[in-house]
Amino acid sequence: MPWIIAVLLLLAALVVYVLTSWPKLPPETDGIIKSVLYGELPELVRGQTGYASSGGLRIWYESIRPEGSSKGAALLIMSTAGSALDWPPAFVRALVDAGYQVIRYDHRGTGLSDWVENWDRKHPYTLADMAGDAVAVLDALGVREVHVVGLSLGGMVAQELAANYPGRVASLTLMSTSGFIADPTLPSLTSAYFISSLAKGLPLLKYRLMGGEANLIKERIAKMIVMVGREGLDIREMAEVVVYQVRKRRGTNFKAIFQHLAAVNASGSRYDKLATLHIPTLVIHGTADQVNPAEHGKKLVEVMPNAQGLWLKGVGHVFPYPNMDDINRRIVSHFESNRPH
């Protein structure tokens, strides 16, 4: 039948597209990947590690101290389904080298933290529950007050942390995030962007379908090229993180993606809470972000009494951002202007 032939032709075209249309990787990629796979894998967790107890779950954390005296502590809260090791090592190093104790942890459902097996979509945990995980980590480390840095969903958790435990937060840095993702007055993720992202992502399936550690690394590199370009990519560092996650941790828990998104939806607006907060806040947002459009970052600056914005022209929903050296300096300056009491 003609329609069957049409469907088969479409599927064949799709297969050809997936297998042949992917970002060209830098020429040195294969050599670097081979040396990482067959060489000695560096230890990527060098700080104090442990588990905090939160709501019956164990939350894994790492605390990395600078050499000499510390200027304070910075708590990093990752985005959806992200673990502690998803923070780029260069970003962590920049904060430690600036004199700050860096605390990072695995969200519930990720990494070495407990995965929520009895999760109920009708009664999901909330962003406030996830903020409780962060507080449990601080308590386990005996840290009273921190600079909180949150990315995307992590920025939403950071808002809940600041609203519910304001005495624990010296400053906020909110990156590519929102105070109410379902705000009907603001732009949202469009179906056109979703379809376009899906089309861009399809070629990356080649690496996923082929399987193996080398292809997982190539998939990560290709994604970064699609999102932020080739400039400044540290292929070896990305390869080491991917292999470390597979060999020494538990990889990615895809169920956590749905659980974390449900937590966002169940938590609603934070505008009223944020309007009462006088915590110094730096909002960093790309003007081309189509996941959490820049209007969400601007609304945060409008709502929060002590917030300022840093708008990254032409930058989408990515991390690390382009020109991270400049952004790192701005974040450290924000810390230093708002030291803990």
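The values are calculated or read from the model by the stated rules, or taken from the named source; none is laboratory data. Since this is a predicted model, take the numbers as computed values, not measurements. Counting neighbours? That spans all protein chains shown, and the Cβs are built from the backbone with ideal geometry, glycine included. Surface areas here come from the heavy atoms of the whole protein model, side chains and all, with no ligands, DNA or RNA. Shrake-Rupley method; radii C 1.70, N 1.55, O 1.52, S 1.80 Å.
In the range 13-57, the residue that is modelled with the lowest pLDDT out of those that are among the aliphatic types (A, V, I, L, M) and in contact with a strand residue (DSSP E or B) (Cβ under 6 Å, 6 or more places away or on another chain) is Val45.
On the basis of being in contact with a helix residue (DSSP H, G or I) (Cβ under 9 Å, 6 or more places away or on another chain), of a type in the set (Phe, Trp, Tyr), open to solvent by less than 70 Å² (accessible area, probe 1.4 Å) and at pLDDT below 95, does Tyr244 make the cut? Judged against the criteria, Tyr244 is a match. Of all residues in the range 305-318, those satisfying the criterion of being open to solvent by less than 40 Å² (accessible area, probe 1.4 Å) and either over 20 Å from His334 (Cβ atoms) or of a type in the set (A, V, I, L, M, F, W, C) (or both) are Ala307, Leu310, Leu312, Val315, Gly316, Val318.
Which residues, taken from the range 323-335, are over 14 Å from Asp97 (Cβ atoms), open to solvent by 30 Å² or more (accessible area, probe 1.4 Å) and at pLDDT 95 or above? Asp326, Arg330, Ser333 - these are the residues of the range 323-335 that are over 14 Å from Asp97 (Cβ atoms), open to solvent by 30 Å² or more (accessible area, probe 1.4 Å) and at pLDDT 95 or above. Using the structure shown, decide if Arg168 is in contact with a strand residue (DSSP E or B) (Cβ under 8 Å, 6 or more places away or on another chain), open to solvent by 30 Å² or more (accessible area, probe 1.4 Å) and among the basic types (Lys, Arg). When the stated conditions are applied, Arg168 passes them. In the condition set (1) of a type outside the set (Phe, Trp, Tyr); (2) out of contact with any strand residue (DSSP E or B) (no Cβ under 6 Å at 6 or more places or on another chain); (3) open to solvent by less than 60 Å² (accessible area, probe 1.4 Å), Asp139 is compliant with all but (3).
Would you check if Ala294 is open to solvent by 40 Å² or more (accessible area, probe 1.4 Å) and free of Cβ contacts under 8 Å to residues at least 60 places away in the same chain? Against the criterion (open to solvent by 40 Å² or more (accessible area, probe 1.4 Å) and free of Cβ contacts under 8 Å to residues at least 60 places away in the same chain), Ala294 does not qualify. Pairs meeting the criteria (first residue in the range 233-262 and among the polar types (S, T, N, Q), second residue part of a helix (DSSP H, G or I) and surrounded by 15 or more Cβ atoms within 10 Å (Cβ to Cβ), beta carbons under 9 Å, at least 6 apart or on different chains) are Gln245/Leu85; Gln245/Asp86; Gln245/Leu216; Thr252/Gln245; Asn253/Gln259. Of these, Arg65, Arg104, Arg144, Arg121, which one is under 18 Å from the mean Cα position of the chain (by Cα) and either open to solvent by 20 Å² or more (accessible area, probe 1.4 Å) or on the phi < 0 side of the Ramachandran plot (or both)? The match here is Arg104. Among the residues making up the range 187-213, those that are open to solvent by less than 60 Å² (accessible area, probe 1.4 Å) and either among the charged types (D, E, K, R) or at pLDDT 95 or above (or both) are Lys206, Glu213.
Applying the condition of being in contact with a helix residue (DSSP H, G or I) (Cβ under 9 Å, 6 or more places away or on another chain) and farther than 21 Å from Arg247 by Cα to the range 107-118 and asking which residue is most open to solvent (accessible area, probe 1.4 Å) yields Glu117. Yes or no: the range 3-12 includes at least one residue that is modelled with pLDDT under 85, farther than 28 Å from Phe254 by Cα and not aliphatic (A, V, I, L, M). For the range 3-12, residues modelled with pLDDT under 85, farther than 28 Å from Phe254 by Cα and not aliphatic (A, V, I, L, M): present.
Put simply, of Leu41, Leu75, Leu57 the only residue that is surrounded by fewer than 19 Cβ atoms within 10 Å (Cβ to Cβ), in contact (Cβ under 8 Å) with a residue 12 or more places away in the chain, among the hydrophobic types (A, V, I, L, M, F, W, C) and out of contact with any Pro (no Cβ under 6 Å at 6 or more places or on another chain) is Leu41. In summary, Glu302 fulfils each of the numbered conditions (1) touching a helix residue (DSSP H, G or I) at 6+ places or on another chain (Cβ under 6 Å); (2) surrounded by fewer than 19 Cβ atoms within 10 Å (Cβ to Cβ) with the single exception of condition (1).
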